[in-house]
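Taking it in order: structure first as structure tokens, then the write-up.
The values are calculated or read from the model by the stated rules, or taken from the named source; none is laboratory data. Everything quoted here is computed from the prediction, not taken from an experiment. For neighbour counting, all protein chains shown are included, and Cβ atoms are generated from backbone atoms with ideal geometry for every residue, glycine included. SASA here: full protein model, heavy atoms, side chains in, ligands and nucleic acids out. Shrake-Rupley method; radii C 1.70, N 1.55, O 1.52, S 1.80 Å.
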Amino acid sequence: QVQLVESGGGSVEAGGSLTLSCATTGFTYATYCLGWFRQAPGKEREGVAALDSEGLTTYTDAVKGRFTISQDNVKNTIYLRMNRLVPEDTAMYYCRIGCAKLTASAFGYWGQGTQVTVSS
């Protein structure tokens, strides 16, 4: 059984930081693209950050320079470090196994989502 369990979301003030974690079980993703997506109310789900099988990263312009995606192969965990948060970052964040840069692939797995709320 493949499971992706996210944690680390919460409510912070603008300018603060959060680190999201996505612990995975039942699946090896060493050769897969890993990513983080987010969806705010009334908006489409968008790719935030992606890490491909060669270690190359891609970020949406809105978060470039503030967010960092990484992985721990021993712990089978995907991370998203978010710095200098702004209210526009408020959204439900989802981790993803199976992507092509900032687009979800036809086959893959989603985490359950974790809420991030940034107050001004």
* With a 1.4 Å probe and every protein chain left in place, work out the accessible area per residue of the chain in Å², rounded to a whole number. => 53 Å²
* Evaluate the charge dipole of the chain about its Cα centre and quote only its size in Debye, nearest 20, assuming +1 on the Cβ of each Lys and Arg and -1 on the Cβ of each Asp and Glu. => 20 debye
* **Placed amide H near Gly16: partners under 5 Å, 5+ positions off or other chain** => Leu85
* Label the stretch 1-114 by shape, choosing from rounded, prolate and oblate, from the square roots a ≥ b ≥ c of the eigenvalues of the Cα gyration tensor; if a/c is under 1.5 it is rounded, and otherwise prolate applies when a/b is larger than b/c, oblate when it is not. => prolate
* Can you give the extra length, in nm with one decimal, that the chain gains between Thr117 and Arg66 once fully stretched, where that is 0.36 nm per residue apart less the Cα-Cα distance? -> 16.8 nm
* trypsin sites (Lys or Arg not before Pro) restricted to the stretch 15-65 and DSSP loop, no more than 15 other C-beta within 10 Å -> Lys43, Arg45, Lys64
* **Loop GluC sites (Glu not before Pro), the stretch 12-120 (other Cβ atoms within 10 Å of the site Cβ: 16 or fewer; DSSP)** => Glu44, Glu54
